[in-house]
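J.: Quick one: structure below, then a few questions.
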Amino acid sequence: NKASQTITFGALPSKLVGDAPFALSATSNSGLTVSYTSSNTGVATVAGNTVTIVGKGTTTITASQAGDSNYDAASSVPQTLSVTVPPSLTEVYVPQYIQGGLSTNTKRIPYAYRVTLSNLTANATYRYYNQAVIDSDSATSAGAGNVIFVSATGSFVRTSSPSLLTAGGYGTFTTDANGSYTGWFMTEPTGNATRFATAGTQIKMRIILNDGNNGTTAATYLTTTSYVTVKAIGTTAASATAIRGTSSADAKNFVLLYDNTSGTGRPIAGTVHRQFICKLLCHQRQRSERRMGNPHSQHPSERGAPN
């Protein structure tokens with residue numbers, strides 16, 4: 001009579017689209033080699049004991065052993081593999097320039113940008129803060145810069161000590177039924193030596209999120225792909241100037257400055273409309289246009305020539 005054999009095959013961890021192939025490690029007490037199949041090759045394929053992620057969804061990975069002259073076939077053991085799409089950031093408005101170039105920055109013109117965050121948990125409230133990073137920062141570096149948390153209904157809140165743990169150190173937003181959120185984010189440049197103090201430095205904007213479930217530690221880091229150039233305010237062609245304007249728009253609308261009158265391409269600068277006065281950073285010798293929108297509307301609602 002042949003002997004029986006048993007397969008040991010543990011639960012599989014969840015994976016993300018884009019994750020590297022990984023090895024399966026089921027064993028049989030017979031010592032015979034275990035084989036594998038995937039029920040949904042649109043999610044993952046198996047070659048030998050290596051799984052390759054293909055797309056979003058779930059598949060059943062089944063471990064089998066057919067037996068030989070000494071052992072009967074083992075009972076197959078299935079395990080579910082879940083694959084999700086990683087959170088992502090899509091740029092809506094990311095202005096080209098941010099004020100800086102000072103080791104002691106007393107000007108600190110707020111920088112505003114608008115992005116869409118996707119592939120998050122649906123209908124969840126996330127804590128966040130946002131700062132600026134450079135290419136040499138690690139993927140989990142928060143960066144530098146003070147944060148101004150945007151609110152459509154309450155006051156904007158500024159902090160120099162961002163934290164997902166302490167009230168006032170983080171902002172919140174709630175995703176829609178698809179797990180997406182589109183909104184405005186604001187960074188106040190400081191005198192940080194590696195990100196803001198040197199004119200010409202290329203930085204990117206990074207948003208740090210918790211788990212969407214009252215977590216107090218960082219779970220996701222999302223970064224813009226476009227660079228933002230630090231500009232010092234001055235009178236040379238390489239520097240920038242501040243543009244002061246008045247508007248009849250309500251406070252807490254956002255203002256984008258363009259280098260053309262049609263408002264196309266990336267804005268030169270962006271900031272928030274405060275009371276009846278706003279200041280923006282403008283690259284020298286550029287013609288400009290002001291464009292305004294409600295902080296929680298997708299498109300600006302008013303446009304006019306700068307005053």
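J.: Only one of these conditions is not met by Ser163: (1) touching a Phe, Trp or Tyr at 6+ places or on another chain (Cβ under 7 Å); (2) part of a loop (DSSP other than H, G, I, E, B); (3) buried (at least 19 other Cβ atoms within 10 Å of the Cβ); (4) not hydrophobic (A, V, I, L, M, F, W, C). Which number is it?
T.: If we test Ser163 against (1) touching a Phe, Trp or Tyr at 6+ places or on another chain (Cβ under 7 Å); (2) part of a loop (DSSP other than H, G, I, E, B); (3) buried (at least 19 other Cβ atoms within 10 Å of the Cβ); (4) not hydrophobic (A, V, I, L, M, F, W, C), just (3) comes out false.
J.: Here's a follow-up. Could you check the stretch 120-142 and list, in sequence order, the residues that are small (Gly, Ala, Ser), within 28 Å of Asn178 (Cβ to Cβ) and touching a strand residue (DSSP E or B) at 6+ places or on another chain (Cβ under 9 Å)?
T.: In the first step, residues of the stretch 120-142 are kept if they are small (Gly, Ala, Ser); the result is 122, 124, 132, 136, 138-139, 141-142.
Remaining after also requiring within 28 Å of Asn178 (Cβ to Cβ): 122, 124, 139, 142.
Within the stretch 120-142, Ala124, Ala139, Ala142 qualify.
J.: On the basis of being small (Gly, Ala, Ser) and at pLDDT 95 or above, does Ser151 make the cut?
T.: For Ser151, the condition - small (Gly, Ala, Ser) and at pLDDT 95 or above - is not met.
J.: If you don't mind, another one. Just to be sure, is Ser155 free of Cβ contacts under 8 Å to residues at least 60 places away in the same chain and under 22 Å from Ile98 (Cα atoms)?
T.: No, not satisfied.
J.: With respect to Thr182, is the statement that it is at pLDDT 95 or above and β-branched (Val, Ile, Thr) true?
T.: Taking the combined requirement at face value, the residue satisfies it.
J.: Exactly one condition in (1) more than 18 Å from Tyr126 (Cα to Cα); (2) in a strand (DSSP E or B); (3) hydrophobic (A, V, I, L, M, F, W, C) is false for Met186; which is it?
T.: (1)
Rundown of residues vs (1) at pLDDT below 95; (2) not polar (S, T, N, Q), yes/no style:
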site	(1), (2)
Asn70	no, no
Val77	no, yes
Ser82	no, no
Gln96	no, no
Ser103	yes, no
Tyr126	no, yes
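J.: Only residues that are surrounded by fewer than 19 Cβ atoms within 10 Å (Cβ to Cβ) and small (Gly, Ala, Ser): list them for the stretch 188-215, please.
T.: Gly191, Ala193, Ala199, Gly200, Gly215
J.: Separate question: Identify the residue in the stretch 129-156 that is in a strand (DSSP E or B) and not small (Gly, Ala, Ser) and, among all such residues, is nearest to Thr198 (Cα to Cα).
T.: Val133
J.: Out of the stretch 97-152, which residues are among the small types (Gly, Ala, Ser) and within 11 Å of Pro189 (Cβ to Cβ)?
T.: Gly100, Gly101, Ala132, Ala144, Gly145
J.: In this structure, does Gly183 turn out to be under 20 Å from Tyr97 (Cα atoms) and in contact with a His (Cβ under 9 Å, 6 or more places away or on another chain)?
T.: Yes, satisfied.
J.: Take the conditions over 13 Å from Gly143 (Cβ atoms) and modelled with pLDDT under 95 and apply them to Gly191. Does it pass?
T.: yes
The values are calculated or read from the model by the stated rules, or taken from the named source; none is laboratory data. What you see is a predicted model, and the numbers here were worked out from it, not measured in a lab. Note that each Cβ is placed from the backbone with ideal geometry, even for glycine, and that neighbours are counted across all protein chains shown.
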